[in-house]
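Undergrad: The following block contains the structure, expressed as structure tokens.
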Amino acid sequence: MASWPWRGTARPRQSAHARRARVILTAEGLRLPLTLASRGSRVAALLIDLALVVLAIFGTAMLVGLLTHGIGGARPKVTNPAARDLLETLDVLWIIALFVLPNLWFVWFELGARGATPGKRVLGIRIAARPGRDGSAARLTAEAVIARNLLRTIELFMPVVFIGSALSVGADTTLAGWAALVWFGIFALFPFFNRDALRGGDVIAGTWVVEVPRRKLATAMSLGQGAQGISTVTGAHYRFSEADLAVYGEYELQVLERLLRDSSHASPRALEDVAQAICAKIGWSSGTGDERAFLEAYYTQLRARLETGMRLGRRKADKHDGG
Amino acid sequence: MMAITGWFSKRQESAIADAERAALRSDRFRLEREGDWRRLEAIVTRLEAGRIGAIGDDDLVALPALYRTLVSSLQVARETTLDAATLAYLEGLAQRAWFVVYGPEVGFRGWLRRFFGGGWSAGVRAIGPDILIALAVMVAGTVIGWLLVANNPDWYYALMPAEPGDVRVPGASRAALYGSLFGKSGRNGMAVFAAYLFSNNAQVSILCFALGFAFGLPSILLLVHNTALLGALLWLYHGQGLTLELVGWLSVHGTTELFAILLAGASGIHIGRAMAFPGQRTILDAAAEAGRRTATVMTGVVLMLIVAGLLEGFARQLIDSTALRLALGGFMLLWWLTYFFAFRRTGVRR
């Protein structure tokens, strides 16, 4: 018997996705589904941000270097005491800026309306406040953003700088290097040992990282001629009886919806397979060449039937469901 | 402004015309409301981009109503439609709109204003008991450092990282020690060294705060270690009768710096205490609550360390007399105490 050909691939992917699905309850009493960001996209976002910060620091250094040292590059001997003081002050401000800038970068962007640094924006993720124990949605606060980024210093910057300096100095490399590596490893692996993929900073701040939905409103399905049951190719009029429609439930309806919407995937072959499967199930003799009109008509009438049932409080989850 | 309104109403007209053609009741429901959804989406997109100026007044006024309309649309749709794509769109839009409507209450600038206008000092007062604990630990650390070195001067080298050319070692002459405190006005590079110390201190403070995570014990150890060093230094200069001079030398930046380290340690202890004794809350909730409360304090700590670094790098070189140094250090201490404990505005937005 011909069956739904793509189910084998669709189900496991959904379950991996379902493991990251969470629900929060807003003040209006609305249950909002969220999807936690994957760990991979968070790492990628972090790398993009770090690259940008390094670029920003490097760019500023070049600019300041040009302004103070002239275009020659090498630092000229400064004899004027006033000029020397000025240079020293610049050096001091520079060291402070080196500390402040990476921290400020993350705090500044995450406090914006998007709740995301440029790296996170590229990956389509953002930070949000973790809901309370009862699932009630909480508001992101400035304090939370600061707290989660303060932790970044000990999670990332300190061990990395430490490993770097241990490698460059050379002496006593092994012990210090290993210590820093273990330190770094504890924090880097932290997200793998809790359900919500929280890193240390998220724990302290009460935040988590979620995906930002970017869905366009798709077209309504029941507008075309096909939805009326009339084929534009053959002019045939498809009408299904109550018994024809009773065999499938909501799951099959949604698979059919995906197939019809996803025009790139809806190869004639896939449409044919599904049309044949349906015909076999309801005992129609399947023709060829008019699958789309047939499926659109079946989809619309099946949905009308299931939605009517919904309004009356009857739901049918899938074809195995008796309701 | 007019253009946007016109665009929407045209769209809405066509949507209503479509609605009459749609075969399904749930699609008609959707087509009748689609205009409002798209308008909300356009507003949310512009708010996310931070372009508040690009949004008309009537759109801003309409935002809460549009959001509520969307919420009720979604709730109705969940009960009446099986159109998965439309449901997913509504859920996504509701989520984005929720983040905009209930986003961070203040932007960076608003937060800064609140921070200096009382939020910082309120944060410090909120962890009062922990400050007392941290203070006791720091005093104990100083005493331990003194006693250790007094019993066996070899401890000095263990506490103080040896630097070549440093005259501050046990057995140094009075003149050498005196020279290390005064008369370096002309020396070059001190300011840079001070700035380096700042970033070092800032990292130690953040470590103190962050290790509160491990029930506060590492924070306490860090405090003890850092103040033991102070005790050793005090012992060294006391031996040559230079205690007051050393205190003066340290106080210029030390009152600010030690205060900052005190607050950082107190923050760590606060988190540790909250996690060890969460009460009715889960450990995660307790940690998050304590972390958010102390984040404000920690921002202040970093600022204080910047001030301390500037004092150390510039002011100390300019003032070469113990009395003036003590006066400046005392003034700074008084200033912080006044700001934190006498300045009683909560800093919460009215």
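Undergrad: What's the magnitude of the charge dipole for the protein assembly as shown around its Cα centre, counting Lys and Arg as +1 and Asp and Glu as -1 at the beta-carbon? Answer in Debye, nearest 20.
TA: Taking the Cα centre of the protein assembly as shown as origin, the dipole is about 740 debye.
Undergrad: Mind giving me the FRET efficiency for A:Trp178 and A:Phe157? R0 is 25 Å, r the Cβ-Cβ distance, nearest 0.05 is fine.
TA: 0.85
Undergrad: Against the longest principal axis of chain A, how steep is helix A:7-18, in degrees 0 to 90 to the nearest 10, with axes from Cα atoms?
TA: Roughly 40 degrees between the two axes.
Undergrad: Where in the stretch B:117-131 does the amide nitrogen come within less than 20 Å of the point 7 Å from the Cα of B:Thr338, taken along Cα to Cβ?
TA: What the label zone holds, given the 20 Å backbone N cut-off, is B:117-125.
Undergrad: Let me ask something else. Round to the nearest 10 and give me the degree value, 0 to 90, for the angle of helix A:158-169's Cα axis relative to the longest principal axis of chain A.
TA: 50
Undergrad: Report the gain in length on full extension from A:Val54 to A:Arg269: 0.36 nm times residue separation, minus Cα-Cα distance, nm rounded to one decimal.
TA: Between A:Val54 and A:Arg269, full extension yields 72.3 nm more.
Undergrad: For chain B, what's the radius of gyration and Dmax over Cα atoms, in angstrom?
TA: Rg then Dmax for chain B, in Å: 30.2, 100.
Undergrad: Also, quick follow-up: Per residue of the stretch B:25-33, in order, report the coupling 6.51 cos²θ - 1.76 cosθ + 1.60 (Karplus, θ = phi - 60°) as ³J(HN,Hα) in whole Hz, putting x for Gly and Pro.
TA: 4, 5, 6, 5, 3, 5, 5, 5, 9
Undergrad: Picking from B:Leu230, B:Leu334, B:Leu47, which is most flexible by a Gaussian network model of chain B using Cα springs under 10 Å?
TA: The residue with the greatest mean-square fluctuation here is B:Leu47.
Undergrad: Can you give the log10 of the normalised intensity I(q)/I(0) at q = 0.06, 0.10 Å⁻¹, computed with Debye over equal Cα scatterers of the protein assembly as shown?
TA: Results for the protein assembly as shown at q = 0.06, 0.10 Å⁻¹ read -0.49, -1.01.
Undergrad: Further question: Which semi-axis lengths, in whole Å and largest first, follow from the square roots of five times the eigenvalues of the Cα gyration tensor of the stretch B:244-350?
TA: 34, 15, 11
Undergrad: Could you give the dipole magnitude of chain A about its Cα centre, charging the beta-carbon of Lys and Arg +1 and that of Asp and Glu -1, in debye to the nearest 20?
TA: Value, rounded to 20: 380 debye.
Undergrad: What is the log10 of I(q)/I(0) for the stretch A:175-323, computed with the Debye formula using one identical point scatterer on each Cα and no solvent, at q = 0.14 Å⁻¹?
TA: So the normalised log intensities work out to -0.74.
Undergrad: Could you work out, residue by residue across A:111-118, how many beta carbons of other chains sit within 10 Å of that residue's beta carbon, and then give the average as an integer?
TA: Working: counts 8, 7, 13, 8, 5, 1, 0, 0.
Mean number of neighbouring Cβ atoms from other chains: 5.
Undergrad: When you look at the Cβ of every residue in A:85-93, what mean number of other chain Cβ atoms sits within 10 Å?
TA: The per-residue average across the peptide is 4.
Undergrad: Starting with the highest mean, order A:144-150, B:284-290 by the number of other Cβ atoms within 10 Å, averaged over the residues of each peptide.
TA: Output ranking for A:144-150, B:284-290: A:144-150, B:284-290.
Undergrad: Also, quick follow-up: Could you please report the charge total around A:Leu46, scoring K, R as +1 and D, E as -1 over all other residues with beta-carbon less than 15 angstrom from its beta-carbon?
TA: Working: positive: A:Arg39, A:Arg42, A:Lys120, A:Arg121, A:Arg126, A:Arg148, A:Arg152, A:Arg199; negative: A:Asp49, A:Glu110, A:Glu155, A:Asp202.
Charge balance in the 15 Å sphere: +4.
Undergrad: Which FRET efficiency value, to the nearest 0.05, do you get for B:Asn200 and B:Ile55 by plugging their Cβ-Cβ distance into 1/(1 + (r/R0)^6) with R0 = 45 Å?
TA: 0.45
Undergrad: Sticking with this structure for a sec: Find which of B:Pro104, B:Gly272, B:Val302 sits farthest along the positive direction of the dipole of the protein assembly as shown, computed with +1 on the beta-carbon of Lys and Arg, -1 on that of Asp and Glu, about the Cα centre.
TA: B:Pro104
Undergrad: Next question, about the same structure. Cut-off 10 angstrom, C-alpha nodes, Gaussian network model of chain B. Which of B:Tyr339, B:Tyr67, B:Tyr178 fluctuates the most?
TA: B:Tyr67
Undergrad: Lys/Arg Cβ at +1, Asp/Glu Cβ at -1, dipole of chain A taken about the Cα centre: which of A:Val255, A:Ile282, A:Ala45 is farthest positive-ward?
TA: Of the candidates, A:Ile282 comes out farthest on the positive side.
Undergrad: Just want the ordering: B:Ser199, B:Ser26, from fewest to most Cβ atoms lying within 10 Å of their own Cβ.
TA: Lowest to highest Cβ neighbour count: B:Ser199, B:Ser26.
Undergrad: Taking 7 Å along the Cα-to-C-beta vector as the label spot, tell me the A:Ser136-B:His238 distance in nanometres, rounded to one decimal.
TA: Inter-label distance under the simple model: 5.5 nm.
Undergrad: Let me ask something else about it. What is the calculated FRET efficiency for A:Val64 to B:Asn151, with r their C-beta to C-beta distance and R₀ = 41 Å, to the nearest 0.05? List each step's numbers first, then the result.
TA: Working: r = 50 Å, r/R0 = 1.23.
Result of the calculation: an efficiency of 0.20.
Undergrad: When a footprinting reagent is the concern and you count Cβ atoms within 10 Å, what order do B:Arg316, A:Arg139, A:Arg305, B:Arg344 take, fewest first?
TA: The most exposed by this proxy come first: B:Arg344, A:Arg139, A:Arg305, B:Arg316.
Undergrad: I've got another one for you. For the pair B:Thr69 and B:Leu324, how long in nm is the line joining their label points, each one 7 Å along Cα→Cβ?
TA: According to this spin-label approximation, the distance is 7.0 nm.
Undergrad: Let's test this: bin the Cα-Cα distances of chain A at 20 Å from zero up to the farthest pair and state each bin's percent.
TA: Whole-percent P(r) values from 0 Å outward: 22, 36, 27, 12, 2.
Undergrad: Quick one: length gained pulling B:Asp285 to B:Ala88 fully straight, 0.36 nm per residue minus the C-alpha distance?
TA: 67.9 nm
Undergrad: Let me ask you something else. Average partner chain C-beta neighbours within 10 Å, per residue of B:77-87?
TA: Whole-number average of other-chain Cβ neighbours for B:77-87 is 6.
Undergrad: Once amide H atoms are placed 1.01 Å from N in the peptide plane, what residues at a sequence separation of 5 or more from A:Thr207, or on another chain, have their amide H within under 5 Å of its amide H?
TA: Counting only residues 5 or more places away or on other chains, the set is A:Arg130.
Undergrad: Let me ask you something else. On a 0 to 90° scale, report how tilted helix A:81-110 is relative to the longest principal axis of chain A, with both axes built from alpha carbons and the result rounded to the nearest 10.
TA: Computed tilt is about 20 degrees.
Undergrad: Right, here's the next one. Enumerate the aspartates and glutamates that A:Lys281 could reach by cross-link, defined here as Cα to Cα under 20 Å, with residues fewer than 8 away along the same chain left out.
TA: Partners found: A:Glu242, A:Asp244, A:Glu250, A:Glu252, A:Glu257, A:Glu272, A:Asp273, A:Asp290, A:Glu291, A:Glu296, A:Asp318, A:Asp321.
Undergrad: May I pose another question? Please give, to one decimal in nm, the separation of the simple spin-label points placed at B:Leu217 and A:Ser285, each 7 Å out from Cα toward the Cβ.
TA: With each label point 7 Å from Cα toward Cβ, the separation is 8.3 nm.
Undergrad: Which length gain, in nm to one decimal place, applies between A:Glu28 and A:Arg261 when the Cα-Cα distance is subtracted from 0.36 nm times their residue separation?
TA: Net length gain for the segment: 80.7 nm.
No value in this document is a laboratory result; all are computed from the given coordinates. In this text, all values refer to a predicted model and were calculated from it rather than measured experimentally. Quick reminder, even Gly has a Cβ in these numbers, built from the backbone with ideal geometry, and neighbours come from all protein chains shown.
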